[in-house]
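Participant: Dumping the structure here so I can ask a few things about it.
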Amino acid sequence: MDQRRSRSPLTNSHHHYPSHRREGDNRRINHRDNAHFRHTNHHRHQMGATPDQTPLRSKTLSTKKEHYERDFPLYKQPVEVGCFSLDSQRRFFNDNRQMRYYVEPDRNPNFDLRDGYRERYVKRDENVKEKLDHILRWIVANKSKLKKTSCPLDFDFVTWRGHLTKLLTTPYETKEGWMLAVTRFNGTLYISEVETEAARRERLNRPEWNKEMMYWGYKFEQYMCADNPKSAPDPGGVVNTNEAFCTVVQTRLTDHKLLFSGEVDCRVRDPDAPAAPACYVELKTSAEICTPKQQSNFHRFKLLKWWAQSFLPGVPRVVAGFRDQDGIVVSVETFQISKISQLIKNEYNCWKPTVCMNFCCDFLSFLKREVTEDSPRIVYLFSWEPHKDVTYSVHRDSPFSFLPDWYIKEMTEST
């Protein structure tokens, strides 16, 4: 979900995935005057500090939109380098057994998203924090094909697509902050989200109506997806949110080499469709739009997150089910990711893709500069709240550490 008959609409889009930049442009992108980096002389309070921690002088990164309104940065066409599956008990498999296939719905589908909520719903345990473990298992299982140089892993960053999505939307986010734990290990920076106290409170106190609406998104997928290319969807089955199919892609944002993974809802059934990720489809639900104000809010808020989530891994389209207040899908509409910027261009003071990507790029540059110690025992914890700057603190042997011993051992032995 929270997410090609001929060729991907992203493939030839110079604006979205430019194949080159002039040298002068790269210098402008990579060697800015740093006006949006601030140095402060006070020592940061170190959350969860232990006696061997060394207080550091803090540096911060602005999230103000105006700092990032420049040319769209080079972002190479994402390439799928692998995939993995998680089964009904959240067990990892280095294959595509959980792949599902998109089935075109009727024009007026009349799907009941409430069906099965009480009796056919197995929900993943949100108290279990998986961190980067599934991606790390995939790396270990595929390290022989990833090893191209003397480095065990020739990437600057490893993370989840969802963490990058949060970075893209940060300049326009006004409600929810975030915390990202970052560790440098063998030269690669690993980024793993830490649940904020506000998010934890929201999760533990989520009202029943909100829990049911979360189910509606998964139920919509069940109506739209088949288990194999020649079968039909089975809306009478169990919705189990432990199950997942994830793509693993590599790409480059200016000089940042990225390896990240994200869940994929389904792919088109046509065997002659373009190769992944261009054959993938993201599925979403949204309240039906009845007024100009609702239309504007849809463009300004929902389309931002849909665009960011799908643009990053190169998924070319979102299929959205619009539902009424009773959870009945009354219409389905397809949004081409490459055309979303045209949809929003007439909205006053709306979000801009270039701002999103430039902030993400500058944040990654900020990490490269600040995360200097190469040790799995050390975590740099980056924090952000709306209308404030990004700040960080440093923690050694703390509860924030997230690279497991089995991964450290495996990747150390391979050097």
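The values are calculated or read from the model by the stated rules, or taken from the named source; none is laboratory data. Given the structure is predicted, the values throughout are model-derived calculations rather than measurements. For neighbour counting, all protein chains shown are included, and Cβ atoms are generated from backbone atoms with ideal geometry for every residue, glycine included. Note: areas computed on protein heavy atoms with side chains; ligands, DNA, RNA excluded. Shrake-Rupley method; radii C 1.70, N 1.55, O 1.52, S 1.80 Å.
Participant: How much of the accessible area of the chain, probe 1.4 Å, is carbon plus sulfur, in whole percent?
Facilitator: Working: 9260 of 19650 Å².
Carbon plus sulfur share of accessible area: 47 percent.
Participant: What Rg and what Dmax come out for the chain when only alpha-carbon atoms are used, in angstroms?
Facilitator: In Å, with Rg to one decimal and Dmax whole: 21.4, 64.
Participant: Among Y380, Y223, what's the order by accessible area (1.4 angstrom probe), most exposed first?
Facilitator: Greatest to least solvent exposure: Y223, Y380.
Participant: Ranked from the most accessible area to the least, with a 1.4 Å probe and all protein chains present, what is the order of Y101, Y218?
Facilitator: Details: Y101 40, Y218 75 Å².
Heavy-atom accessible area, descending, gives Y218, Y101.
Participant: Taking 24 Å as the cut-off for C-alpha to C-alpha distance, list the pairs among K284/K339; K145/K230; K293/K345; K123/K145 that go past it. Could you put the intermediate results ahead of the total?
Facilitator: Values: K284/K339 17 Å; K145/K230 32 Å; K293/K345 16 Å; K123/K145 35 Å.
Going by Cα-Cα distance, K145/K230; K123/K145 fall outside the 24 Å limit.
Participant: Which one, Y75, Q89, F111, projects farthest toward the positive side of the charge dipole computed for region 74-125 from Cβ point charges (K/R +1, D/E -1)?
Facilitator: Going by the Cα projections, it comes out as Q89.
Participant: In terms of the Cα gyration tensor, with a ≥ b ≥ c the square roots of its eigenvalues, is region 96-232 rounded because a/c is under 1.5, prolate because a/b exceeds b/c, or oblate? Can you show the working numbers first?
Facilitator: On the way: a/c = 2.32, a/b = 1.38, b/c = 1.68.
Note, shape of region 96-232 comes out oblate.
Participant: Counting only DSSP beta bridges with both residues in the chain, what percent are antiparallel, rounded to the nearest 5? Show your work: numbers first, answer last.
Facilitator: On the way: 54 of 71 bridges.
Looking only at bridges with both residues in the chain, the antiparallel portion is about 75 percent.
Participant: Using the structure shown, list the pairs from K65/K166; K368/K409; K131/K409 with a Cα-Cα distance above 22 Å, or answer none. Don't jump to the answer; show the numbers that get you there.
Facilitator: Working: K65/K166 15 Å; K368/K409 24 Å; K131/K409 18 Å.
Flagged as over cut-off: K368/K409.
Participant: Using Cα positions and a limit of under 17 Å, work out the aspartates and glutamates in reach of K64, with same-chain residues fewer than 8 apart set aside.
Facilitator: Within the straight-line cut-off, K64 pairs with D33, E173, E176, D362, E385, D389.
Participant: While we're here: Between E69 and N127, how many nm apart are label points set 7 Å from Cα along the C-beta direction?
Facilitator: 4.8
Participant: With every protein chain present, what is the per residue accessible area of the chain (1.4 Å probe, Å²)? Display every interim value, and only then the final one.
Facilitator: On the way: 19650 Å² over 415 residues.
With all protein chains present, the chain gives 47 Å² per residue.
Participant: Next question. For V238 and F322, what does the FRET efficiency come to when R0 = 30 Å and r is the distance between their Cβ atoms, rounded to the nearest 0.05? Working shown, then result.
Facilitator: Values: r = 25 Å, r/R0 = 0.84.
Once the sixth-power term is evaluated, E becomes 0.75.
Participant: Let me ask something additional. Roughly speaking, what is the centre-to-centre gap between region 287-360 and region 78-124 when only Cα atoms are used, to the nearest Å?
Facilitator: Region 287-360 and region 78-124 have Cα centres separated by 22 Å.
Participant: With the dipole of the chain worked out from charges on the C-beta (+1 for Lys and Arg, -1 for Asp and Glu) around the Cα centre, which of Y215, V281, P235 lies farthest toward the positive end?
Facilitator: V281
Participant: Now a separate question. Given the options S398, M224, S365, identify the residue whose Cα lies farthest towards the positive end of the charge dipole of the chain (+1 on Cβ of Lys, Arg; -1 on Cβ of Asp, Glu).
Facilitator: So the residue we want is S365.
Participant: Can you tell me how region 265-415 classifies by the Cα gyration tensor, rounded, prolate or oblate, using a/c under 1.5 as the rounded cut? Write out the running numbers ahead of the final one.
Facilitator: Details: a/c = 2.34, a/b = 1.63, b/c = 1.43.
Judged from the Cα gyration tensor, region 265-415 comes out prolate (a/c at least 1.5, a/b above b/c).
Participant: OK, next. Set the Förster radius R0 to 25 Å, insert the Cβ-Cβ distance between D227 and S375 as r into 1/(1 + (r/R0)^6), and round the FRET efficiency to 0.05. Please report the intermediate quantities before stating the final value.
Facilitator: Values: r = 44 Å, r/R0 = 1.77.
It comes to 0.05.
Participant: Here's something else I'd like to know. Rounded to the nearest 500, what is the 222 nm mean residue ellipticity of the chain from helices alone, with -39500 (n - 2.57) per DSSP H run of 4+ residues and division by all residues? Could the numbers behind the result be given before it?
Facilitator: On the way: 11 runs with 102 residues, N = 415.
Helix contribution divided over all residues of the chain: -7000 deg cm²/dmol.
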